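Reading through the structure tokens given below for one structure.
The values are calculated or read from the model by the stated rules, or taken from the named source; none is laboratory data. If you're wondering where the values come from, they're calculated on a predicted model, not measured in any experiment. Virtual Cβ from ideal backbone geometry, glycine too; neighbours counted across all protein chains shown.
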Amino acid sequence: MSLLELGGVIKDFGRLRAVSELDLSVEQGQIRSLIGPNGAGKTTVFNLITGTLPVSGGTVRFNGEDITGLRPHRIAQKGIARSFQQTFLFMQATVLENVLTGFHMECRAGALHEFLNTKKAKKTDGGCRSRAIEIIEFMGLSPVTHERAGNLPHGYQRALGVSIALACNPVLLLLDEPVTGMNPTETREMVDRIRKIRQRGITIIIVEHDMRVVMDISDRITVLNYGQKIAEGLPSEIRANPKVVEAYLGREDN
């Protein structure tokens, strides 16, 4: 059974069909890339999976359960987390404080315990802090643990966005352009960390425009164009697919 299944998913914005009857099946432990030209509907698909946008038709199933129409916080509780194309951080907060926000669903001892500062609240806060520090170390952010997010270089900010998503303890992690704007060294480091995230048993779907990264890291690739799936397969198959070449480069007129 697939971890994630989209069956005939549709998203309409008025008369515009942004996603058209999309079927997508992602197996446990995969790194799956979702690619296509600008405007192909890739980020919209992420928004449909996470409940940020309601589907206009079709179903979304996760771990065998129909999650179509659930609110975003309910979907997150079931184990789906994401990073964003644009880095959304608390710029005046430290790296540690930002990562701690990712634990908000599970690391709350309860309003009364927090108000009274009970042992339960202290134990819960301490556990979250330890786990946040572990994630920071894993993502290579230890040197800037107590630095404000707004002072970080771009590559560190992207890594911090992924760290916050990891703090949600995901089963499925959606990464929206994780290497955008990075230099070659930062890109290699992020690719290495994505592989290590998969080694932790987390399934990953990536939206990314850097084709060298996509071809290097993906188990399978799904290609969208104008909201429709035009190809799916191994990186070698996608690289040689004439429909994919045409979607990216345009048709040559003879």
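Checking each residue in the range 62-77 for being without any contact (Cβ under 8 Å) to a residue 60 or more places away in the chain and either outside any strand (DSSP E or B) or small (Gly, Ala, Ser) (or both) picks out Ile67, Thr68, Gly69, Leu70, Arg71, Pro72, His73, Arg74, Ile75, Gln77. Which residue, of Gly51, Gly39, Gly14, is assigned by TED's automatic domain parsing to the domain that holds Ala247 and closer than 15 Å to Asn225 by Cβ? Going through Gly51, Gly39, Gly14 in turn, just one is assigned by TED's automatic domain parsing to the domain that holds Ala247 and closer than 15 Å to Asn225 by Cβ: Gly39. Every condition in (1) touching a residue at least 40 places away in the same chain (Cβ under 8 Å); (2) farther than 30 Å from Arg148 by Cβ holds for Phe84 except the one numbered (2). For the range 18-46, a residue qualifies if it is of a type in the set (Gly, Ala, Ser) and on the phi > 0 side of the Ramachandran plot, and the qualifying residues are Gly29, Gly36, Gly39, Gly41. Within the range 131-148, being β-branched (Val, Ile, Thr) and under 20 Å from the mean Cα position of the chain (by Cα) holds for Ile135, Ile136.
The requirement of being at pLDDT 90 or above and touching a Pro at 6+ places or on another chain (Cβ under 6 Å) is fulfilled nowhere in the range 83-104; no residue meets it.
Within the range 24-34, the set of residues being over 21 Å from Arg200 (Cα atoms) and in contact with a Lys or Arg (Cβ under 7 Å, 6 or more places away or on another chain) comprises just one member, Leu34.
Taking the stated definitions as given, is Ala231 surrounded by 16 or more Cβ atoms within 10 Å (Cβ to Cβ) and touching a strand residue (DSSP E or B) at 6+ places or on another chain (Cβ under 8 Å)? Answer is yes for this residue.
Which of the residues that make up the range 221-249 are charged (D, E, K, R) and closer than 13 Å to Pro37 by Cβ? Correct list: Lys243, Glu246. Contact map, the range 171-193: first residue on the phi > 0 side of the Ramachandran plot and surrounded by fewer than 18 Cβ atoms within 10 Å (Cβ to Cβ), second residue outside any strand (DSSP E or B) and not β-branched (Val, Ile, Thr), Cβ cut-off under 9 Å, separation 6 or more or different chains; pairs are Gly181/His154; Gly181/Gly155; Gly181/Arg158. With a requirement of 3 or more residues that are within 26 Å of Tyr156 (Cβ to Cβ) and modelled with pLDDT of 95 or more, the strands (runs of 3 or more DSSP E) lying completely within the range 176-254 that satisfy it span 203-207. Exactly one residue among Ser20, Ser33, Ser25 is assigned to a strand (DSSP E or B), farther than 24 Å from Glu246 by Cβ, at pLDDT 95 or above and small (Gly, Ala, Ser), and that residue is Ser25.
Test Ala165 against the criterion of being of a type outside the set (Ser, Thr, Tyr), outside any loop (DSSP other than H, G, I, E, B), closer than 28 Å to Gly57 by Cα and assigned by TED's automatic domain parsing to the domain that holds Asn98, and give yes or no. The answer is yes for Ala165. Within the range 3-16, if we keep just the residues that are charged (D, E, K, R) and at pLDDT 95 or above, the residue that is nearest to the chain's Cα centre (by Cα) turns out to be Glu5.
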